[in-house]
1. Give the residues of the range B:245-279 that are β-branched (Val, Ile, Thr), surrounded by fewer than 18 Cβ atoms within 10 Å (Cβ to Cβ) and in a helix (DSSP H, G or I), sorted by residue number.
2. What tally of residues in the range B:8-51 results from selecting those that are within 14 Å of chain A (Cβ to nearest Cβ) and closer than 28 Å to residue C:177 by Cβ?
3. Of the conditions (1) within 29 Å of residue A:218 (Cβ to Cβ); (2) small (Gly, Ala, Ser); (3) touching a strand residue (DSSP E or B) at 6+ places or on another chain (Cβ under 6 Å), residue A:64 fails just one. Which one is it?
4. If you check B:191, B:199, B:164, B:135, which single one turns out to be more than 26 Å from residue C:204 (Cα to Cα) and not hydrophobic (A, V, I, L, M, F, W, C)?
5. What strands (runs of 3 or more DSSP E), lying completely within the range A:227-313, carry at least 2 residues that are closer than 24 Å to residue A:215 by Cβ and touching a residue at least 12 places away in the same chain (Cβ under 8 Å)?
6. Note down all Cβ pairs under 6 Å where the first residue falls in the range B:277-304 and is more than 7 Å from every other protein chain (Cβ to nearest Cβ), the second is aromatic (Phe, Trp, Tyr), and they're at least six residues apart or on different chains.
7. Determine whether the range C:197-217 contains at least one residue that is surrounded by fewer than 21 Cβ atoms within 10 Å (Cβ to Cβ), more than 14 Å from chain A (Cβ to nearest Cβ) and touching a Pro at 6+ places or on another chain (Cβ under 6 Å).
8. Residue under question is residue A:310, and the condition is that it be surrounded by fewer than 18 Cβ atoms within 10 Å (Cβ to Cβ) and farther than 18 Å from residue A:238 by Cα; does it hold?
Amino acid sequence: MGQVELMNISKSYDKQKNVLNEINLSIEEGEFFVLVGPSGSGKSTLLRMIAGLEDITAGTLKISDQVVNHLPPKDRNLSMVFQNYALYPHLTVEQNILFGLRAKKVQKEEQQLRLTETAAMLGLSSLLKRKPKELSGGQRQRVALARSIVSHSPLCLMDEPLSNLDAKLRANMRVEIRRLQKKLGLTMVYVTHDQVEAMTMGDRIMVLNDGKIQQVGKPITLYNEPANVFVASFIGSPKMNMGKANFSSDMKQLVIEHEPHIDIDPATVSKRLKEASITIGIRAEHIFPGTPDNTTHHVEVVNVEHLGNETTIAFEIASDLWTAKWPGQWAINVGDNVPVSITGEYLCFFDTESGDLIRPAMAGKSQEVIAI
Amino acid sequence: MSMNSVAIRSHESMELIFEQAKKRQRMKSWIKGMLFLLPSIVLFGVFLFYPLLRTIYLSFFLTDASGETTVFVGWQNYMNIFTSPIFLQSMKSTFLFVLYTVPITVFISLFLAIIANEKLKGTGFFRTIFSSSMGISVAAASVFWLYLFNPTMGVLNRILEFFGMDAIGWLTNPDWALLAVSVTTIWMNIGFTFLILLGGLQSIDSYLYESADIDGAGYFYKLRRITIPMLSPTLFFVVTVTIINAFQTFGQIDILTQGGPQNETNLIVYSIYREAFVNYQFGSASAQAVVLFILILLMTALQFKFGERKVHYQ
Amino acid sequence: MTMSTGKKVVFYVLLILSATILFAPTIMAIVMSFMTNQDILTGSFPKTLTLDNYVNAFERFPLFQYLFNSFVVSIMIMLGQLILCSLAAYAFVFLEFKGRDLLFYVFIATMMVPFEASIIPNFHIIRDLGWIDSYQGLTVPFFAMAFGTFLLRQNFKMIPKELREASQIAGMGDFRFYLTVVLPVAKTSLVTLGVYGFLTSWNMYLWPLLATTNDSVRTVQIGLKQLQTQEQLNEWGVIMAGAVIVIIPTLILLFLGQKRLQRGLAEGALK
């Protein structure tokens with residue numbers, strides 16, 4: 001049974017258009033579940049509805065098999081970490097951590113026990129007497145985590161907890177939060193707008209846009225088989241290259257807006273593909289450097305980024321800017337004409353009208369996931 | 001089939017429970033909100049709104065000495081006060097008093113705020129001195145100036161004497177009394193006005209001045225083009241507050257002149273006070289109070305209306 | 001910052017000149033309060049300084065009683081305002097309920113009603129309650145204050161909403177949240193409002209004049225008026241001594257809290 005279950009959950013303010021539309025979802029016990037989406041997608045609202053900070057307009061919310069729609073936040077047995085940490089500025093770290101336990105009148109000895117345990121776990125033992133303003137951003141973040149952990153609630157909600165940290169610290173905290181969650185067996189619902197965070201942390205991810213679920217699944221599934229154009233462009237960095245395409249009359253080639261032609265094996269073209277107007281997508285790492293054998297196209301480079309371990313080059317395909325990502329260092333300059341290999345088996349096909357995926361890349365998967 | 005209908009029914013009953021819970025929640029938060037506001041609401045009701053309505057009510061009656069209404073007279077009280085030379089004199093004095101005090105108070109305070117806002121050593125000391133009159137009560141300030149205006153011993157007449165001029169009966173000469181009271185009032189009000197204007201000056205972003213410095217703007221150019229426009233909301237606020245305060249002047253009149261000479265300084269609040277608590281004419285006093293209320297209402301309405309639109313906010 | 005020496009001199013001259021003129025009456029009063037009547041009458045500079053005026057003032061008038069009354073009244077009004085204004089401001093910032101906006105307009109409306117315009121019925125109310133010559137008669141009408149509510153509301157708004165949500169999740173009720181989080185966090189603005197409330201109550205004149213008929217609760221301001229009107233002999237030294245005693249507490253408070261007051265007033269007045 002799911003630890004958190006959302007059945008036809010909707011949210012609207014003042015009878016206006018729905019902010020969230022018929023959300024159905026079940027989050028397993030002990031799962032690290034990430035809600036990801038652009039700002040305004042409704043992901044924070046959804047989290048706050050689970051927490052009980054926002055009214056549920058319609059639908060049923062169950063936590064641990066209990067309907068909790070009508071329960072105030074304190075009776076839902078959960079903890080929450082806020083984006084701005086919500087530390088009480090006038091209280092010390094210790095008082096901040098114990099705040100909830102004192103409000104719930106937990107026994108004094110029990111409080112101390114949990115405090116020392118949690119503080120040790122997060123490396124806060126030497127900071128207990130400090131005030132929040134005397135702490136660094138990362139330390140504040142730890143206090144916020146400690147406050148959530150010390151409550152021993154099985155369900156932990158996090159609302160963009162890392163967005164106020166600098167990039168390096170963020171990478172560290174990602175690992176740390178993930179480790180804590182696994183160690184304590186917490187069920188985690190984690191909201192972020194950062195797809196890297198979602199990919200690296202989540203057991204499962206839900207992509208939300210405009211109040212509607214776009215896709216729910218494992219990170220790799222979302223990457224390899226994006227359910228629609230939105231997920232395809234949202235997940236992955238650089239984003240998936242896309243373009244509107246047509247089959248040539250002999251079905252052997254794809255034409256991207258009149259110009260580049262991509263060879264395709266007619267045997268793989270299904271009936272549905274033939275009938276739809278299609279948008280194709282290809283990951284940057286699937287556009288390979290051209291060798292004398294496999295070069296399919298020559299492209300004019302408009303931008304190069306040397307990252308040391310890899311090189312990304314940007315070039316124009318029809319009206320879009322596409323990116324290719326190659327491992328290693330390549331001596332390429334802007335304006336160069338570079339041979340590349342773009343082949344049919346790496347293409348994802350989407351229906352242009354609905355945006356839905358028709359067929360994922362055939363080669364991508366088998367190559368990407370390497371079992372050890 | 002039957003399973004399904006049970007599910008539907010339970011679903012409906014769930015909805016009902018949620019609705020009730022929501023209603024209860026709303027009721028609870030309403031009660032909670034009211035509890036937080038109740039003390040203020042009750043006191044406003046008893047000591048502000050009810051007295052206001054009662055004042056309006058009383059203004060249509062004659063009363064006995066204890067304030068009980070005796071005869072309904074309609075608009076008679078209003079007609080009486082607007083034909084009474086004493087009240088008309090009082091209105092005239094009140095407006096003159098506003099005219100004398102407000103511009104000068106604001107101008108001096110602005111000058112003081114500007115020179116005290118420079119980054120110089122020791123400005124803290126000067127700020128404290130400039131704001132000091134805020135800590136001096138009406139009674140004390142009036143006593144200070146009562147001595148300064150004293151016809152024989154007062155410093156002002158001694159200075160006149162020194163220059164060989166005739167002594168002036170500052171508080172007894174009808175030509176001078178209102179001016180004397182105005183000077184006292186200006187001196188008293190500078191402290192508060194100065195503090196507010198200084199606060200306004202300090203909230204102006206220093207980047208504006210720095211970028212003006214880079215452009216090579218001079219001191220007075222910056223004053224005219226940055227300081228005054230950026231300060232305009234504060235200035236507007238200060239002007240209206242000073243006007244309202246001037247309408248409410250009482251203490252300095254009571255100590256310095258008691259409304260004399262020849263009612264020259266019988267400002268409206270003093271006039272109300274005399275009519276009500278010396279002559280026990282509560283009806284006519286209430287009519288005057290209603291006039292005062294309308295005057296101040298107009299001022300505040302003006303402040304709310306134009307305060308936001310016509311004045312440049314940052 | 002760089003400022004030429006010439007400019008500095010100009011500013012210092014202006015500052016010193018203004019300060020001298022502005023502070024002269026106060027200095028004069030303080031000096032006179034230590035002068036003999038002889039020196040005051042002849043208008044000479046003080047030859048000897050004496051405490052006689054203060055001794056006289058305290059002997060002839062119940063100044064201690066007046067001072068005590070003023071302290072009680074001012075502190076009661078200050079506390080009353082702090083409690084009522086902070087409660088109301090909390091409701092306006094943190095609570096959502098039907099009619100809240102309407103009540104907010106009611107609070108704004110109160111700023112348009114001057115106390116002076118409703119003083120007659122107020123006097124009758126106090127009289128009918130039997131509150132003439134009582135501390136409650138002098139204080140209770142001033143507990144509710146729109147300006148103070150707005151000032152605190154402005155400050156409470158800067159407290160992140162997440163603090164309240166975190167306490168909701170922790171299971172803390174609104175009143176305890178107000179008491180244990182909001183009030184401590186907004187301490188500075190409470191102090192500002194407290195200073196302002198104390199200053200204005202201490203300096204109140206018209207209402208204590210009406211609401212007191214004897215020395216039992218009469219405040220020091222009215223005491224000073226009595227001192228001034230009853231000194232037949234024009235003993236200005238004694239009167240000034242009384243005046244100096246009246247202004248000392250507020251001047252000290254102002255000197256200590258000037259900076260804070262200035263910032264707080266600007267905030268409350270100008271959004």
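1. Filtering the range B:245-279 for residues β-branched (Val, Ile, Thr) gives B:249, B:253, B:255, B:257, B:265, B:268-269, B:272, B:278.
So of that shortlist, the ones also surrounded by fewer than 18 Cβ atoms within 10 Å (Cβ to Cβ) come out as B:278.
Those that are β-branched (Val, Ile, Thr), surrounded by fewer than 18 Cβ atoms within 10 Å (Cβ to Cβ) and in a helix (DSSP H, G or I): none in the range B:245-279.
2. Matching residues across the range B:8-51 total 14.
3. (3)
4. Matching residue, one of B:191, B:199, B:164, B:135: B:164.
5. A:241-247, A:278-282
6. The qualifying pairs are B:283/B:61; B:287/B:78; B:295/B:247.
7. Yes, that holds for at least one residue.
8. For residue A:310, the condition - surrounded by fewer than 18 Cβ atoms within 10 Å (Cβ to Cβ) and farther than 18 Å from residue A:238 by Cα - is not met.
The values are calculated or read from the model by the stated rules, or taken from the named source; none is laboratory data. The model shown is predicted, which means the values in this text are computed figures rather than measured ones. Here Cβ is always computed from backbone atoms with ideal geometry, including for glycine, and neighbour counts include all displayed protein chains.
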